[in-house]
Amino acid sequence: MKRLLSIAAAEWRYWLRSRLALSGALLLAGLLVATTVLTSLRMQGAAAERAHHQAEAETAFLTQPDRHPHRMVHYGHYVFRTPAPLALFDPGLDAVTGQAIFLEGHRQNTAMFAAAGASADLGGLSWLSPAMVYQLFGPLLLILLGHGLLARERESGTLATLLAQGLPGRVLLAGKALALLAFVALLLLPLAVSAGLAVRAGESPLAAWALVGAYGLYLSAWAGLALLATALVRRRSAVLATLATLWIGLTLVLPALAVSAASNAAPMAGKLETDLVMLADVRQLGDGHNANDPAFAQLRADLLARHGVQRVEDLPVNLRGVVAQFGEQKLTETLNRYAQAQMATETRQAQVLASHGWITPVLAVADASRALAGTDLAHHHRFLRESEALRYAFVQGLNRVHAEQLAYADDIRRSSDSEAERRTRVGAANWQLLDRFRFEPDAAGTRITQARPQWLMLGVWCAGLLAMAFWVGGRLKP
């Protein structure tokens, strides 16, 4: 152990004397601090703003004056997705998927208001988050420090001397590996600070430290790759060129090819095409605003027969409200079918993309990072489903008020009779049917389970590369 520490200490002394290594470390540290602070401030501001707007939207809906219930169906309501605490480190898909949805009757609106206003924070590089810095630039610094670990000893002639003195190659490589892994631990300090801030903001410590562990495996895998390359290739320039080529391939080229493969594996129809087909299906359902639409003739006949009356005016319920309920139910079933089909395709694409983590570790750590931070596709889909459940519940609640509290005779005359119009207004107490909306990330255990396949991939990458490096280290030659 003493020899390992001595070798590691000698390597650290060399790095500290090397202006290039020290400059690279300071540059990465500065970039991490800048992106962490900016992303944290942006996310905290977004959380406060969305919580404020959510409270305003709920207050505006609940304090409306007496109205016809169907007016409130079209008045609608906004819901906002507040960013998860770990989003300050990895915003994930939040920046592009939109974080607010307008809920109204007869429609399923898409999420909107994607975060585009922060593009000037880093000179236009709004995509540059702490997670991206670790995923793209952390490996570069490890390449910078690790490419010469053994190649430098060969070029200076000290490797032959060390081996001739009886120092086993594996021990030498282990000392170099200890120095490089200690640097990995140093690189993880800003992430540990971010994790601590997230825990203070309400995040589960288990999820926060699982995120730190995932990046520890990722950076250790790159350390293993640097060790393997410097043990196999004799010249430092060749080692650096090899590792730089691998970095380009693993972090830039292969992820782009994986995205294309995922799109081809689960092709998705264009929005215009899908909307046209969906609208054709919707037209066949009838107009829920028109109780005399032929699409509701059977509903009308069944309702009259059930209550044993001949005229809709004699029904104990308002036919127009019943038609509105029935129409909304059928419409929602149709819209949900298309929405579920799209989400299934997106999920399939994400699964295909995630499987490429066996080919490049950057995809594995990116998937694990988003899952643990609660900013992945699964959380976006849950936001859409929970928003739709709230929309359907409040629309049908108002339709139920329409059917049970308004007389049909007044309802059909309210446009021409001021007294009928007054009687078809219901009190604001009926708006209290709206449930408060608060979106929370999945429990820490659920997120860790979702990230388990990526943990396995990163573990295999890390263990495999380090094992290969030590195997080559046992056969070191001057």
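The values are calculated or read from the model by the stated rules, or taken from the named source; none is laboratory data. Everything quoted here is computed from the prediction, not taken from an experiment. Methodologically, a virtual Cβ is constructed for each residue, glycine included, from the backbone with ideal geometry; neighbour enumeration extends over all protein chains shown.
Miscellaneous remarks
- Helices (runs of 4 or more DSSP H) fully within the stretch 379-460 counting 3 or more residues that are closer than 28 Å to Val312 by Cβ and out of contact with any helix residue (DSSP H, G or I) (no Cβ under 7 Å at 6 or more places or on another chain): 418-423
- Residue match in the stretch 91-101 (condition: part of a loop (DSSP other than H, G, I, E, B), modelled with pLDDT under 80 and closer than 23 Å to Leu32 by Cβ): no
- The set of residues in the stretch 11-44 being in contact with a Leu (Cβ under 6 Å, 6 or more places away or on another chain), more than 26 Å from Ala174 (Cα to Cα) and either loosely packed, with under 15 Cβ neighbours inside 10 Å or not polar (S, T, N, Q) (or both) consists of Met43 alone.
- Pair list, Cβ < 7 Å and 6+ apart or interchain, from the stretch 142-164 residues that are basic (Lys, Arg) to residues that are in a helix (DSSP H, G or I): Arg152/Arg236
- Inter-residue pairs, beta-carbon under 6 Å, first within 15 Å of Arg107 (Cβ to Cβ) and in the stretch 274-286, second of a type in the set (A, V, I, L, M) and surrounded by 13 or more Cβ atoms within 10 Å (Cβ to Cβ), 6+ apart: Leu285/Leu331
- Just one residue in the set Leu240, Leu211, Leu228 is in contact (Cβ under 8 Å) with a residue 40 or more places away in the chain and within 18 Å of Met457 (Cα to Cα); that residue is Leu211.
- Selection of first residues in the stretch 408-435 that are polar (S, T, N, Q) and of second residues that are in a helix (DSSP H, G or I) and at pLDDT 85 or above, restricted to Cβ pairs under 6 Å at least 6 apart or on distinct chains, gives the following pairs, ordered by first then second residue: Thr424/Asp410; Thr424/Asp411; Asn430/Val401.
- Answer from Leu189, Leu181 - the residue that is free of Cβ contacts under 8 Å to residues at least 24 places away in the same chain, of a type in the set (A, V, I, L, M, F, W, C) and over 17 Å from Gly374 (Cβ atoms): Leu189
- Near pairs, Cβ below 9 angstrom, 6+ apart or cross-chain, from the stretch 298-312 (surrounded by 10 or more Cβ atoms within 10 Å (Cβ to Cβ) and among the charged types (D, E, K, R)) to any residue that is modelled with pLDDT under 90 and not in a loop (DSSP other than H, G, I, E, B): Arg300/Val312
- In the stretch 154-187, the residues that are farther than 18 Å from Arg13 by Cα and either buried (at least 19 other Cβ atoms within 10 Å of the Cβ) or acidic (Asp, Glu) (or both): Arg154, Glu155, Gly169
- Comparison of Asn264, Asn290 shows that the only residue that is free of Cβ contacts under 8 Å to residues at least 40 places away in the same chain and not in a helix (DSSP H, G or I) is Asn290.
- Among the conditions (1) part of a loop (DSSP other than H, G, I, E, B); (2) out of contact with any helix residue (DSSP H, G or I) (no Cβ under 6 Å at 6 or more places or on another chain), the only one that Thr245 does not satisfy is (1).
- Failed item, numbered, when Tyr75 is tested on (1) under 35 Å from the mean Cα position of the chain (by Cα); (2) assigned by TED's automatic domain parsing to the domain that holds Ser194: (2)
- Filter result for Val395 (closer than 24 Å to Pro85 by Cα and in the same structural domain as Arg337 (by TED's automatic domain parsing)): no
- Which listed residue is surrounded by fewer than 20 Cβ atoms within 10 Å (Cβ to Cβ), part of a helix (DSSP H, G or I) and either at positive phi or of a type in the set (A, V, I, L, M, F, W, C) (or both), from Leu206, Leu191: Leu206
- Scanning the stretch 440-459 for residues that are without any contact (Cβ under 8 Å) to a residue 24 or more places away in the chain and under 17 Å from Gly357 (Cα atoms) yields Thr449, Arg452, Leu456.
- Test: residue in the stretch 257-274 that is under 21 Å from Ala324 (Cα atoms) and in the same structural domain as Ala341 (by TED's automatic domain parsing): no
- Within the option set Ala262, Ala244, being of a type in the set (A, V, I, L, M, F, W, C) and either at pLDDT below 90 or closer than 30 Å to Met468 by Cα (or both) holds for one residue only, Ala244.
- Residues located in the stretch 373-383, provided they are among the aliphatic types (A, V, I, L, M) and under 13 Å from Glu440 (Cα atoms): Ala373, Ala378
- Gly327 outside any helix (DSSP H, G or I) and either farther than 27 Å from Ala256 by Cα or modelled with pLDDT under 90 (or both): no
- Pairs with Cβ under 9 Å, 6+ apart, first in the stretch 23-52 and touching a residue at least 12 places away in the same chain (Cβ under 8 Å), second part of a helix (DSSP H, G or I) and among the acidic types (Asp, Glu): Met43/Asp94; Ala46/Asp94
- Identity of the residue in the stretch 267-287, within 27 Å of the chain's Cα centre (by Cα) and part of a helix (DSSP H, G or I), that ends up surrounded by the fewest Cβ atoms within 10 Å (Cβ to Cβ): Leu272
- Within the stretch 242-255, the only residue that satisfies the criterion of being surrounded by fewer than 14 Cβ atoms within 10 Å (Cβ to Cβ) and more than 25 Å from the chain's Cα centre (by Cα) is Thr245.
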